[in-house]
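Chemist: Structure provided below as structure tokens; questions to follow.
Just so you know, all these numbers are worked out from the coordinates, no wet-lab data involved. Please read these numbers as outputs of a predicted model, since none were measured by experiment. In this analysis, Cβ positions are derived from the backbone assuming ideal geometry, glycine residues included, and neighbour counts consider all displayed protein chains.
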Amino acid sequence: MPLLAGDVEGMDMEGLNELAFVLGGVNHWITVFLIMAGLYIIVSRSNMIKKLVGLSIFQTSVYLLYVSPGKIIGGTAPIIIEGAEDQLYSNPLPHVLILTAIVVGVATLALGLALVVRVNEAYGSIEEDEVYSDGDWN
Amino acid sequence: MLIDQFPAIVVAAPLVVAALCAIIRRETACWLLALVVAFLSFVGSATMLGQIQEYGEPLSYKMGGWAPPAGIELRVDLLSGYLLVLVSLIASAVLIYGRHSVRSEIKKGLRGLYYAMYLLCMCGLLGIVITGDAFNAFVFMEISSLSMYTLIALGKDRRALAASYQYLIMGTIGATMYVIGVGLLFTITGTLNLVDMADRLGPIMDTPAAIAGMAFVVVGLSLKIALFPLHLWLPNAYAFAPSAVTAFLAATATKVSIYLLMRFIYSVFGFGFAIEQTLIPEVIMVLSLVAIFAGSFSAIFQENVKRMLAYSSVAQIGYITLGIALANATGLTGSLVHIFNHAVMKGALFMLVGGIALQIGTVRLSDMAGVGKVMPLTMFGFVLGGFSMLGVPGTVGFVSKWYLAIGALENGWWWVVALLMLSSLLVLAYMGRVIEVAFFRERPEGAAALKEAPKSMVMTAWVFILACIYLGFDTSFTVGVAEQAVDVLMGGAQ
């Protein structure tokens, strides 16, 4: 990184590289955080609605994972304009994919909530401990 | 030519008719529509498979006229053709079978919607198999899974709801893991077309991003497959779903995910990398063997016969994934043959149990005392199906175990062969328990008079039982196609 190298005569280059690694991948760090947070909620909560919230967070991480590498700074929409064919543009495919994934996520959440409503009607509880310990599962 | 359009029709037709069924909602009309579509899909799949076998060329359909790799490609080669035939065949048969059991288990107003969901599920499963696009496979996977959760929740027992919820959570985690893996692979290759991805991954397969992507895909799909120890959703889902749904799911759903796993390991990541340079075969082998024993052991202690068969499915999935881990042509053939064979025999067994559930109202072992005397046709079929699970020569179970054992010997793993033999004894233990109760105990005093399940149910199940025996002698279809498909997996792709 020439921009930095000029300013930092005598500074600890290794530390700067690490900083660049942390800041440069900030989208990925958020993705990883969302994945782990979502999974943790799913595993640790017994309330069925809270579990679905965790599931949604987990799915949301995927949106970021796809969309953020698809963005190029200064890139425009991929439309060919005469005379400016070599425009820098962002790949539209990740965004389109994620539109589909969002729909899938919404459908999953809706179905999950509908199931929880039915579970509540049938068991009178939405705590997993109570639902699964209720009756003989064998 | 019309056959060029078949790949699209086979998937699109169930989708369109599912929507139609959701509008019509009349039970008989929906059932007829579903049956016609499922049967047409079967004819279409079989025609495509015949065509591919004859000309040796995979069929490729450009969705919307966009050429791959930019457009979505529907691609039917020998392996996917084989799975297409399996899924559409089972779907048609279960529709014929399920008429009565759906009537007894599902509320009147919901039956039309049941058939809509069923077609949607079938469309998703066929789509996973037929698509040549990694993300498209995810979308189809979710179509099939969401409809599956709904179908399971339709079970009479309230535990079906809890089981469906459990499956929804785990299934979604699996699918999301898969799509994370695909996302990583897409970021480094810039393509979603499986063939193109395989080409571009070749030189960069040992980069961290590619390996992480591979790990996510394998773990995600293992959850969908219910590979031990990720199988926890399966026993409850199978046990409490309506009988027809269980027969359909047990025969197709996990098989399709296994197909996708094979595609990724062998075609996309490549034999040379995934098998030779990673721990994937070792890990899968250990898990498969544990699955075979843990699944069978758990099956022995089940009171609910459907749950017992479900645990047995966990074990049988272990046999199939064992073939993947053996990583030689014979083992992989055994694995592919067992996909078909297990679908046929487990489908038949679940169908017969569904008949018993319809007649006596429960599937608890203790309520089945003496059933063999009043429902001889059903229970005799159960015995033959049990023989097949056991791997008695002359049944399909023997054929697939034979190939697996030879495949293990080719690797010099004689102890795997010994374990395979030993595991058959466990099958004897749990299947024998049912047979003992059904034939050698008296009906309790004052029990309601029983007769055989409706003809349509028993006959369909028996067609499958007879297929178990026929395919045990004439292996030209299963083994023939499987051997050619293995060539596609091991040689053709790379």
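Chemist: Does any residue of segment A:14-30 turn out to be in contact with a helix residue (DSSP H, G or I) (Cβ under 7 Å, 6 or more places away or on another chain) and within 11 Å of chain B (Cβ to nearest Cβ)?
Modeler: The answer is no; no qualifying residue exists.
Chemist: Looking at A:77, A:110, A:101, A:84, which is the one that is within 12 Å of another protein chain (Cβ to nearest Cβ) and loosely packed, with under 13 Cβ neighbours inside 10 Å?
Modeler: On the way: A:77 fails: within 12 Å of another protein chain (Cβ to nearest Cβ); A:101 fails: loosely packed, with under 13 Cβ neighbours inside 10 Å; A:84 fails: within 12 Å of another protein chain (Cβ to nearest Cβ).
Just a single option satisfies the conditions, and that option is A:110.
Chemist: Return the residues of segment B:126-150 that are closer than 19 Å to residue A:105 by Cα and of a type in the set (A, V, I, L, M, F, W, C); say none if nothing qualifies.
Modeler: Those that are closer than 19 Å to residue A:105 by Cα and of a type in the set (A, V, I, L, M, F, W, C): B:128, B:134, B:135, B:137, B:138, B:139, B:140, B:141, B:143, B:146, B:148.
Chemist: In the set B:409, B:358, B:419, B:450, which member is among the hydrophobic types (A, V, I, L, M, F, W, C) and free of Cβ contacts under 8 Å to residues at least 60 places away in the same chain?
Modeler: Among B:409, B:358, B:419, B:450, only B:409 is among the hydrophobic types (A, V, I, L, M, F, W, C) and free of Cβ contacts under 8 Å to residues at least 60 places away in the same chain.
Chemist: Between B:310, B:315, B:291, which is of a type in the set (A, V, I, L, M, F, W, C), under 20 Å from the mean Cα position of the chain (by Cα) and within 14 Å of another protein chain (Cβ to nearest Cβ)?
Modeler: The match here is B:310.
Chemist: Next question. Can you confirm whether segment B:440-447 contains a residue that is of a type in the set (A, V, I, L, M) and either within 18 Å of residue B:350 (Cα to Cα) or in a helix (DSSP H, G or I) (or both)?
Modeler: Taking every residue of segment B:440-447 in turn, none turns out to be of a type in the set (A, V, I, L, M) and either within 18 Å of residue B:350 (Cα to Cα) or in a helix (DSSP H, G or I) (or both).
Chemist: Of everything in segment B:294-305 that's within 14 Å of another protein chain (Cβ to nearest Cβ) and surrounded by fewer than 24 Cβ atoms within 10 Å (Cβ to Cβ), which residue is farthest from residue B:364 (Cα to Cα)?
Modeler: Among those that are within 14 Å of another protein chain (Cβ to nearest Cβ) and surrounded by fewer than 24 Cβ atoms within 10 Å (Cβ to Cβ), it is B:298.
Chemist: Conditions first: (1) over 15 Å from the mean Cα position of the chain (by Cα); (2) within 11 Å of chain B (Cβ to nearest Cβ); (3) surrounded by 13 or more Cβ atoms within 10 Å (Cβ to Cβ); (4) farther than 30 Å from residue B:303 by Cβ. Residue A:119 passes all but one, so which condition is the exception?
Modeler: Answer for residue A:119: the failing condition is (4).
Chemist: Something else: Give me the pairs, please: first residue somewhere in segment B:185-197 and touching a residue at least 12 places away in the same chain (Cβ under 8 Å), second residue anywhere and of a type in the set (S, T, N, Q) and not in a helix (DSSP H, G or I), beta-carbon distance under 9 Å, and either six or more positions apart or on two chains.
Modeler: Qualifying pairs under 9 Å: B:185/B:191; B:188/B:207; B:194/B:131; B:197/B:191.
Chemist: For segment A:35-56, which residues satisfy the criterion of being under 17 Å from the mean Cα position of the chain (by Cα) and of a type in the set (A, V, I, L, M)?
Modeler: A:35, A:36, A:37, A:39, A:41, A:42, A:52, A:53, A:55
Chemist: Given segment B:363-420, what helices (runs of 4 or more DSSP H) lie entirely inside it while holding 3 or more residues that are aliphatic (A, V, I, L, M)?
Modeler: B:376-390, B:396-410
Chemist: To continue, here is another question. Spot the failing condition for residue B:150; the list is (1) under 23 Å from residue B:72 (Cβ atoms); (2) buried (at least 21 other Cβ atoms within 10 Å of the Cβ); (3) within 9 Å of chain A (Cβ to nearest Cβ), and only one is missed.
Modeler: For residue B:150, the exception is condition (1).
Chemist: Helices (runs of 4 or more DSSP H) wholly in segment B:153-253 with at least 3 residues that are surrounded by fewer than 24 Cβ atoms within 10 Å (Cβ to Cβ) and of a type outside the set (A, V, I, L, M, F, W, C) - which ones?
Modeler: B:159-189, B:194-201
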